[in-house]
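*Asks:* For reference, the structure I am asking about is given below.
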Amino acid sequence: MLSSISPTSGSFGNRSVTYKSSVSTNDIPRTLGAALLVGVSYYVGTRIGFAWTPNGQPNSTFWPPNAVLLSALLLTPRRTWWTFLLAVLPVHMFAQHQTGVPFWTAAGWFISNTSEALIGAYCITKFDVSGKRLEGIRGILIFVLFGVLFAPLATSFLDAAAVIFTGWGRNYLPLSVERFWTNALAELTIVPIIVLCCSRGISDMRRVSVAEWGEATLLSALIVLVAALAFGLQGGSLATTPALLYVPLPLLLWAAARFGLIGCSLSLLSLALVSTWYTIHGRGPFPHASLPQNILSLQILFCVVGAPLMFLSAGMAEARRTQELLRRVSGSLIQTQEQERHRIARELHDGLGQELAFVKVTLDTLIEKADASLQADLTRISNRVSVIAGSTHELSHALYPTTLEYLGLRKALKILCDEAQHGKDLSIRLTIGNLPEQLDRLTALSLYRIAQESLHNVTRHSQAKNVQIDLASGHGTISLHIIDDGVGFDARHESTGLGLASMRERVRAIGGWIDISSSPKAGMRMDIRVPLREHRAEDAAGVS
């Protein structure tokens, strides 16, 4: 619901938009619906916060409402913030009254809760003008500085003051410290989940494969199991085995590396909820410490561990985006190169080739009419023109394989192998397994070019006598294996050659994997796997 609001100014989610001076009629139902959703979420978060409050303690061990409100403010333009504040006011007072909190204490907490969300949202939107919240290292840095540290720190003293002045608790400074870590942990774990899920929607979930879902399920089960083992065993498991405290760290690294910021935050949230739940029910990790000390230790632990993991996941996400951008640029350059090759090949075939054919016909006509003294010279010129025309045709075919376009990959490779071994002491064995009826044009062209470059290297440099080429598809990939028994080369030093570099770029451009292994006098082996892409309507017909 939050992500469906149509803001008229600033940024929303991953989209940059321009605000108008007034709210359109169509925006009113969406804004009211979003405010209602925020109110309900705030109430649920408040009930969770009270459920994680130890008996006789004024502070909860985990307080989600502030994080829920901050997330809503980050997802919407500032002109709609007041609607969320109005929506959570009755919800806040009602939830506090249900638990028996005095009116003035509840009112003070409302001021501190909303102030924390407003301060955090204002500072984050002020310094992060890109509109892409929590994306990249800079986005995470701004969020941690203002949403996790500054805003909770600035309002924790107000929180504790409301408790002290209304007689709901004592010891102002310890209460302030407890409030800060409680709110900071909730902001750190909840806000990324809500913001990223609402801004990205379900589009990312649709791209998740079955294997990734299985991996996520396994990771979730391990996190719950480890949390129960480390924090839930009766008698203080960490006191007898302190190393158990570090068992969740590999799982958090796994989540950050494989599932990004959302996976990292969900894992931290699960560990925080499970560990604090066990602690408030008498199973603290350190049995000789008091309940507040146990809670504070866990909160500091998860905050100190969680923040670096978020930076790690953001850095890895930036690296993946950079790699994807390079892959797209490389693919665009290769596609542009192929288009230029196609243009030159067409000019050679339709332009120069036709002119040479006309010259050849003219010369043959002159030979028939010429005197015997000129026929020999004209015949030599005609033969020379025939050779040039043949070379032009071969060059045109090498620049752009028309056989691939009209006959498909299977037959084009057979013709390529026949031409490569024609008139040479070379045996090429081509094996083509089960291929789809139609292949993506770029995939077929890239595989053809790789085979063409490999055979060129074989005939020019490797001195090989036998070449084996295997092409097959299965399990969503296409595999190409090329093996020769030539002189080989030192792959550690030769892999930067222009031909091999071109192969690597072609494989990278279509999202594949390539491994080239060779050593002097030991031949060469090339293994390539590329994803099997669906044939698109705009691709050339017959590529199979």
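*Asks:* Exactly one condition in (1) outside any loop (DSSP other than H, G, I, E, B); (2) at pLDDT below 90; (3) surrounded by fewer than 21 Cβ atoms within 10 Å (Cβ to Cβ); (4) of a type in the set (A, V, I, L, M) is false for LEU298; which is it?
*Replies:* (3)
*Asks:* From the set of residues in region 306-339 that are surrounded by fewer than 17 Cβ atoms within 10 Å (Cβ to Cβ) and among the β-branched types (Val, Ile, Thr), which is modelled with the highest pLDDT?
*Replies:* Filtering first and then ranking leaves THR322.
*Asks:* Say we look at region 404-430 and pick out the residues that are acidic (Asp, Glu) and free of Cβ contacts under 8 Å to residues at least 40 places away in the same chain; which of these is farthest from ASP470 (Cα to Cα)?
*Replies:* Step one: list which residues in region 404-430 are acidic (Asp, Glu), which gives 405, 418-419, 425.
When the remaining residues are screened for being free of Cβ contacts under 8 Å to residues at least 40 places away in the same chain, the result is 418-419.
Numbers: ASP418: 15, GLU419: 18 Å.
Across region 404-430, the extreme among qualifying residues is GLU419.
*Asks:* Out of region 78-101, which residues are over 23 Å from ASP128 (Cα atoms) and in contact (Cβ under 8 Å) with a residue 60 or more places away in the chain?
*Replies:* Once the filter is applied, which keeps residues that are over 23 Å from ASP128 (Cα atoms) and in contact (Cβ under 8 Å) with a residue 60 or more places away in the chain, region 78-101 yields only VAL101.
*Asks:* Out of the residues in region 425-484 meeting the condition of being at pLDDT below 85 and polar (S, T, N, Q), tell me which one is nearest to ARG341 (Cα to Cα).
*Replies:* By that ranking, first place goes to ASN457.
*Asks:* Could you check how many residues of region 523-543 are modelled with pLDDT under 80 and hydrophobic (A, V, I, L, M, F, W, C)?
*Replies:* Qualifying residue count for the region: 4.
*Asks:* Of all the strands (runs of 3 or more DSSP E) wholly in region 427-526, which have at least 1 residues that are β-branched (Val, Ile, Thr) and touching a Pro at 6+ places or on another chain (Cβ under 7 Å)? First the steps, then the outcome.
*Replies:* Numbers: elements: 427-432, 466-474, 477-484, 513-518.
Because the criterion is at least 1 residues that are β-branched (Val, Ile, Thr) and touching a Pro at 6+ places or on another chain (Cβ under 7 Å), the strands (runs of 3 or more DSSP E) in region 427-526 that meet it are 477-484.
*Asks:* Being in a loop (DSSP other than H, G, I, E, B) and under 12 Å from ALA451 (Cα atoms) is the filter here, so list the residues in region 417-426 that pass it.
*Replies:* none
*Asks:* Another question, then. Just the residues that are touching a residue at least 12 places away in the same chain (Cβ under 8 Å), outside any helix (DSSP H, G or I) and either surrounded by fewer than 24 Cβ atoms within 10 Å (Cβ to Cβ) or in the same structural domain as GLN57 (by TED's automatic domain parsing) (or both), please, taken from region 252-284.
*Replies:* ARG283, the sole residue that qualifies.
*Asks:* Follow-up question, since we're still on this one. Say whether the condition of being assigned to a helix (DSSP H, G or I) and in contact (Cβ under 8 Å) with a residue 24 or more places away in the chain is met by at least one residue in region 358-369.
*Replies:* Yes, there is a match, as at least one residue in region 358-369 is assigned to a helix (DSSP H, G or I) and in contact (Cβ under 8 Å) with a residue 24 or more places away in the chain.
*Asks:* Among the residues of region 69-90, is there at least one that is of a type in the set (A, V, I, L, M, F, W, C), in contact with a Ser or Thr (Cβ under 9 Å, 6 or more places away or on another chain) and more than 18 Å from GLY120 (Cα to Cα)? Working first, answer last.
*Replies:* Looking only at region 69-90, we keep the residues that are of a type in the set (A, V, I, L, M, F, W, C), and these are 69-70, 72-75, 81-82, 84-89.
Restricting the remaining residues to those that are in contact with a Ser or Thr (Cβ under 9 Å, 6 or more places away or on another chain) gives 69, 72-75, 84-85, 88-89.
With more than 18 Å from GLY120 (Cα to Cα) added as a condition, the list becomes 89.
Yes, region 69-90 has at least one match.
*Asks:* Right, something else. All but one of (1) of a type outside the set (Ser, Thr, Tyr); (2) under 45 Å from the mean Cα position of the chain (by Cα); (3) not in a helix (DSSP H, G or I) hold for LYS414, so report the exception by its number.
*Replies:* It fails just one condition, (3).
*Asks:* Of the residues GLY147, GLY167, GLY139, which is over 13 Å from ALA67 (Cα atoms), part of a helix (DSSP H, G or I) and either within 27 Å of the chain's Cα centre (by Cα) or at pLDDT below 95 (or both)? Please lay out each step first, then the result.
*Replies:* Details: GLY147 fails: over 13 Å from ALA67 (Cα atoms); GLY167 fails: part of a helix (DSSP H, G or I).
The conditions single out GLY139.
*Asks:* Let me ask you something else. May I ask you to list the residues in region 410-436 that are within 24 Å of GLY331 (Cβ to Cβ) and out of contact with any strand residue (DSSP E or B) (no Cβ under 8 Å at 6 or more places or on another chain)?
*Replies:* Residues satisfying the conditions are ALA412, LEU416.
The values are calculated or read from the model by the stated rules, or taken from the named source; none is laboratory data. The model shown is predicted, which means the values in this text are computed figures rather than measured ones. Glycine also receives a Cβ, built like all others from the backbone with ideal geometry; neighbour counts cover every protein chain displayed.
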